[in-house]
Amino acid sequence: MGLEMIDAGWLSILPPVVAITLALLTKEVYSSLFLGIFTGMCVYCFSTGQGLLEAVTYIFDMMAGKMGSNSMMIIFLVLLGSLVVIVSRSGGTAAYGRWAVRRIKTRRSAQLTTALLGLLIFLDDGFNCLTVGTVMRPITDKHRISREKLAYLLDATAAPICIIAPISSWAVAVASEVEEAGGLNAFVQTIPYNLYALLTIAMVLFLSATNFDFGPMKKAEERCLAEASPEPPEEREQPPVSEGDTAPAQGTVLDLVLPIVTLIITAILGMAYVGGFFEGVDFATAIGENPVAGLTLGTSAGLLAALIMYLPRRLMTMQQFVTGIIDGIKTMIPALTILILAWALGGVCREMIGTGNFVSHFVTSVNLPMSLLPAIVFAVAAFLSFSMGTAWGTFGILLPIVSMLCAGAPGGAEVLMPTLGATLAGSVFGDHCSPISDTTILASTGAQCSHLSHVSTQLPYAVLVAGVCFAGYLVAGLSRSAVITILASLAVMGAAFALMWVFQRKNTPAPQCPTE
């Protein structure tokens, strides 16, 4: 935009404060972010002798500039949305469901298969919930696993795996918000500090392997085990993965797997190619040079693989394929809107009114111990995300502030990665258990479970992990070591499970499950 940054003093914190306050009050992130941007532009223009018309003009200039500088990422996201829709309509998920019904014989294997399939489908959280729910619901019904437990397994392997998978819509969104800290390379460095995602995945695998439950979920499982055996899954009508899905019966498991595998392999090769690996640049440097361009190439290759596989076998016509692409683009519009608004808000704060400088000076003057910053940021992000029901909106607001804070405060650089990881972890926790979160709603939908029952049964599980995470971030702030942090967190969570197991043995014997 070519405008010089000003020192707006305490007024520089108004844009994020307005965005956060309105988001908490209205539970609506789009207008909150926009009004935050508007507030920042008014602060800038009124401080420089300009008027309201200039403020409005600068808003759209900033948004257009951010869209231009992030155009490759926008292309990647819309292509990814298209691939998700097309793969879901190919019949591959239905074929996997038929394959799984014949091979899964126990409650334990049904739960583990649900969890593992959720971990494998890491491209998008909504796609994850609906696809895995449609495939596994007849199987979990057969083994009398409650719909509440299925909804938890879907929800706990959706956002938590997306936020630590380098090839996902979430990874690219986060990388765009921490560009100054290293982009996708910075995102990768936050993975060991994303305790909520890592511990939630560990908890899901533990609960699935042991059939251990507690709280309202235990009651839901006991109720389901006491009910009459449901009708065979083959006789149940399986609803489509998404609206408009007309997946034909002749689809195979490879129709689900090959396009995704093609995406992953080609994306890695694409990142290496764009970064100059084949011209002598070392692999690590090449991968980090322009990762979004590589991901875009990978997604394009995934779409091409789907086209080559589906059309000759008449799984879909060319018209249906193109319609799937358009529908996929539509599914990404809400996420892209949040991203563009978040980019603009971050641009106003960083480039125009000096929010980072003011916050850094304030933290320095009050002598806030940097060792406490990861735990404090985790709590703030968790509260904000739970209240708004969106992880993307939360880290879109907080990541630029955290980056600026750590860059300017003494000792801040040493806790940058733990604090960024804590921001993402808190964002995912709130998104995971908030009743107004899109992911929570989609998990209920995918499991065909009462939404309020899903929220109430998974909340104790999420809160337990969040409490362990808070303790872990206290350790992270002191140790500055990912290994020590993870080991300490696992030890605390293990101790918590041991105490609950002893308490259950003494007070309420576990329900009798079918023999494994």
Quick calc: nm separation of the 7 Å Cα→Cβ label points for Asn367 and Met67 -> 4.9
Per the C-alpha gyration tensor (a ≥ b ≥ c, the square roots of its eigenvalues), the chain is rounded if a/c is under 1.5, else prolate if a/b beats b/c, else oblate; here it's oblate
Kindly state, to the nearest 0.05, the FRET efficiency for Lys105 paired with Leu254, given R0 = 25 Å and r defined as their beta-carbon distance.
-> 0.55
Two pseudo-spin positions, 7 Å from Cα along C-beta at Thr26 and at Val322, lie apart in nanometres by 3.8
Figure the gain on full extension for Ile333 and Phe46 (residue separation times 0.36 nm, minus the Cα-Cα span) and round it to one decimal in nm.
-> 100.0 nm
Here, Ala209 and Ala496, labelled 7 Å along Cα→Cβ, have an inter-label distance in nm of 1.9
If you roll a 1.4 Å probe over the heavy atoms of the protein chains, what accessible area per residue do you get for the chain, in Å²?
-> 40
Over the chain, with every protein chain in place, what whole percent of the accessible area is carbon and sulfur at 1.4 Å, could you tell me?
-> 68
State which entries of Lys149/Lys506; Lys142/Lys506; Lys219/Lys330; Lys66/Lys330; Lys105/Lys219 exceed 29 angstrom in Cα-Cα distance in the structure shown.
-> Lys142/Lys506; Lys219/Lys330
Could you work out the helix-only [θ] at 222 nm for the chain, with each DSSP H run of four or more residues adding -39,500 (n - 2.57) and the total divided by the number of residues, to the nearest 500 deg cm²/dmol?
-> -24500 deg cm²/dmol
For Leu307 and Leu116 in the same chain, what is the full-extension length gain: residue separation times 0.36 nm, less their Cα-Cα distance, in nm?
-> 66.1 nm
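The values are calculated or read from the model by the stated rules, or taken from the named source; none is laboratory data. Here the structure is a predicted model, which is why all the values come from computation and not from measurement. Backbone-built Cβ (ideal geometry, glycine too); neighbour counts: all protein chains shown. Only protein heavy atoms, including side chains, enter the accessible area calculation; ligands, DNA and RNA are left aside. Shrake-Rupley method; radii C 1.70, N 1.55, O 1.52, S 1.80 Å.
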